[in-house]
Amino acid sequence: MTTTTTGARPAPVSAPAGPGRRRGGLGRVAGYTVLVVFALVYIYPFLIQLATSFKTEADSTAHPLALWPDPVTSAAFGRLAEADYPRWFLNSFVVALVVTAGRVFFDSLAGYALARLRFRGRGALFAAVIAVMAVPGVVLLIPKFLVLNQFGMYDSYSGMIVPLLADAAGVFIMKQFFESVPVSVEEAARIDGAGPFRIFWSVVLPMARPALITLTILSFQGSWNELPHFIVSRQSPELNTLTTGVASLVSGQLGSGNQYPLKLAAALLMTVPVALVFFAFQRHFVRGGTEGAVKG
Amino acid sequence: MTAGVGAPAVAAPPSAPSQGRGRGPGGGIRGREGLAGWLFVAPVLLVLGLFLVVPIAMALWVSLSDWQGQGSPFGNGVGFVGGGNYSELLTTPGLAQTDFMTSLRNNAYYVLFVVPLQTVLALGLALVLNGKRLKGKGFFRTAYYFPSVTSSVAVSVVFLFVFSSSGVVNSLLAKIGVDGPSWFADPRGVVHLVLGGLGVDTDAPPAALAGRSVGGLTLWDWLAGPSVAMCAIIALVVWTTAGTFMLMFLAALQDIPVEVEEAAEIDGAGRWQRFRYVTLPMLRPTLFLVLTLGLIGTWQVFDQIYVMSQGAPGKTTLTPAYLSYQSSFNNNEWGQGSAIAFILFAIIVALTLVQRFVLRDKDDGRERAAVRRAAKAARSGAGPTAEVSR
């Protein structure tokens with residue numbers, strides 16, 4: 001039932017607790033201390049971010065450590081609403097939605113073909129997918145711009161979306177999953193006369209729910225958080241996504257002062273959708289995160 | 001069902017190969033499957049081909065040309081300069097070489113700090129979290145992992161505030177009487193700072209170091225260490241990525257059969273011995289994976305630089321990835337920018353291979369023997385599991 005199989009690892013959550021070491025309390029206390037200290041290091045910045053986005057600018061500079069704004073103000077959010085922020089949010093949303101739909105459909109199609117359909121060149125294709133995964137993304141920064149520019153897709157939604165519509169890692173995850181599904185069901189459908197797409201669409205895909213959820217989440221998170229591709233695929237301000245928009249907000253000076261409440265509020269809001277997805281589907285996230293990384 | 005075969009191609013991008021033509025009666029089941037296979041793969045193939053393979057080929061050409069960003073790089077005015085862009089970066093003295101070498105230095109220090117720190121932190125957290133009768137495991141795991149799923153831009157903004165001159169870190173430092181630096185405006189290297197603290201005159205560095213230069217940088221500059229600004233970025237990245245690697249270690253730790261640990265305990269192995277001779281050898285594949293991913297990832301650092309420092313202060317946070325972007329988009333030196341991308345690619349591939357070689361050969365036999373002994377002691381289960389986790 002694991003979505004992908006890089007090894008027969010149990011999901012971290014459901015690991016069987018073995019017979020515990022009968023250790024003295026001292027080790028436990030030390031362990032908890034370490035965990036709590038690091039939990040503070042990990043959670044505190046987010047709490048500070050939340051608090052600061054409701055502070056006034058003077059308060060944020062004078063009391064950076066305070067977890068309660070004094071006075072409480074939502075001025076930062078008001079200014080964001082008046083600025084281009086809603087536009088960025090919409091752009092991010094549209095791009096992430098289309099990219100996610102595309103990746104889930106195209107990756108599972110290809111993954112299924114590579115796992116199940118026998119055709120000439122399949123082995124070579126799979127090797128190519130693996131090779132593609134090994135190409136470091138940042139190396140493609142300039143090359144991608146060159147091609148988008150050549151195709152006349154630079155600075156357009158299509159240039160921002162189409163190159164992200166499929167990814168090798170997703171194909172890999174889906175292939176691994178389909179290989180773990182027993183063939184018998186498909187055989188039955190084939191004998192009933194169903195064609196490859198019918199079998200894929202109505203028989204196999206419904207069984208692939210766990211893998212599809214993982215892929216959906218990874219794709220959404222990936223495209224929502226994507227920065228470099230949107231730096232090299234567009235330049236118009238109206239095509240800013242949240243990542244490029246907030247980045248420009250930080251580097252470019254919008255008025256006077258350091259504007260920390262505004263910047264932190266902008267960063268806070270852009271974290272919310274991914275955070276919601278994360279807390280709703282944590283199990284899949286954790287699994288996909290490690291598996292996704294395992295294959296490179 | 002034939003309609004079914006056609007459907008995926010309908011949904012494919014407009015330029016997908018025309019479907020349905022070869023669907024003759026002669027193919028039989030195999031032939032139809034072959035056609036379907038290619039149709040299923042076509043959209044992915046098209047996207048990856050057009051936006052991954054073609055770009056690399058095109059960039060290779062640009063890296064050998066003097067294209068300045070005007071018109072098409074295949075146009076008439078564009079000249080072939082051979083390895084000119086590469087030699088300007090690597091061997092010809094000048095600004096391009098100095099900048100590139102500086103970026104290599106910066107990134108090397110960044111890798112040198114981030115990879116060990118994030119690996120140790122991830123392993124440490126995983127070991128503590130793996131404690132058998134621990135309460136609140138899920139909470140802690142979530143807390144450590146959450147930054148990994150958030151946007152690099154968002155956490156960079158948070159850390160800009162945390163490390164700002166009147167920010168969180170400096171306020172905390174002030175509480176213990178330390179006057180914190182103005183992090184993102186401080187180009188001083190930490191090795192220089194340490195040397196300065198030891199009495200070396202950093203304004204007039206030793207002639208043996210300041211007088212000789214390699215690749216356009218003096219030895220003294222090579223030895224600067226990461227700048228104070230870079231240290232803030234290092235802290236951010238370690239903080240962000242440790243969670244992901246912690247999950248990998250956690251998964252691997254849970255793969256170690258309890259019998260192995262117990263056998264070692266019965267044999268009288270102490271906590272440290274159990275870790276050193278039982279746990280660590282069994283974590284070896286994961287350790288290799290984490291180090292490799294760390295190495296690959298750290299040489300690609302871009303987002304944080306783009307958001308937080310843009311190479312400043314004093315070019316001490318300039319990295320090859322950012323320099324490649326900057327040369328191309330800001331300075332219109334597209335040939336150089338592309339050449340940097342390819343050199344970076346080569347560095348990443350080379351380091352991965354070197355690391356694989358080093359980690360494979362070094363005391364491989366001894367550790368294998370340790371695993372074997374542990375497996376034997378455990379009598380059952382250990383052998384196959386060790387193989388699986390490999």
Neighbour counts of other C-beta atoms within 10 Å: give me A:84, B:99 arranged from fewest to most. A:84, B:99
Magnitude of the charge dipole, region A:99-235, Cβ model with Lys/Arg +1 and Asp/Glu -1, debye to 20: 240 debye
Pairwise FRET efficiency - residue B:330 versus residue A:84, Cβ, R0 = 25 Å, nearest 0.05: 0.65
On a C-alpha basis, how far is the centre of region B:143-192 from the centre of region B:298-356 in Å? Whole number, if you could? 23 Å
Within 10 Å of each residue's Cβ, count the other Cβ atoms and sort A:55, B:175, B:137 from fewest upward. B:175, B:137, A:55
Going by the alpha-carbon gyration tensor, a ≥ b ≥ c the square roots of its eigenvalues, is chain A rounded (a/c under 1.5) or, if a/c is not under 1.5, prolate (a/b greater than b/c) versus oblate? oblate
Between region A:257-282 and region A:81-118, the Cα center-to-center distance that results, in Å: 21 Å
Contour minus Cα-Cα distance for residue B:87 and residue B:219 (0.36 nm per residue): 45.4 nm
What number comes out for the charge environment of residue A:242, summing +1 per Lys or Arg and -1 per Asp or Glu over other residues with Cβ under 11 Å away? -1
Would you work out which of B:258, B:172, B:236 lies farthest towards the positive end of the dipole of region B:165-274? Charges go on Cβ: Lys and Arg +1, Asp and Glu -1. B:172
Using 0.36 nm per residue, how much length does the chain from residue A:151 to residue A:238 gain when fully extended, once their Cα-Cα distance is taken away? 29.2 nm
Helix-only [θ]222 nm of chain A, DSSP H runs n ≥ 4, -39500 (n - 2.57) each, per residue, nearest 500: -20000 deg cm²/dmol
Which residue, A:35, A:65, A:117, tops the fluctuation ranking in a GNM of chain A built on C-alpha contacts under 10 Å? A:35
Taking r as the C-beta separation of residue A:180 and residue B:266 and R0 as 51 Å, the FRET efficiency to the nearest 0.05 is 0.85
Which of rounded, prolate or oblate describes region A:203-283 when judged by the alpha-carbon gyration tensor and an a/c cut-off of 1.5? oblate
Selected from A:35, A:54, A:75, residue furthest toward positive end of dipole (chain A; charges at beta carbon): A:35
Note, residue A:67: beta-carbon cut-off 15 Å, +1 each Lys/Arg, -1 each Asp/Glu, net -1
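Apply the a/c threshold of 1.5 to the C-alpha gyration tensor of region B:180-237 and tell me whether it is rounded, prolate or oblate.
Judged from the Cα gyration tensor, region B:180-237 comes out oblate (a/c at least 1.5, b/c at or above a/b).
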Counting other beta carbons within 10 Å of each residue's own, what order do B:101, B:282, A:207 fall into, fewest first? A:207, B:101, B:282
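Only the coordinates and a few stated rules stand behind these numbers; no lab work does. Everything numeric here is computed off the predicted structure, so don't read it as measured data. When we count neighbours, we look across all protein chains shown, and the Cβ atoms used for this are built from the backbone with ideal geometry, even at glycine.
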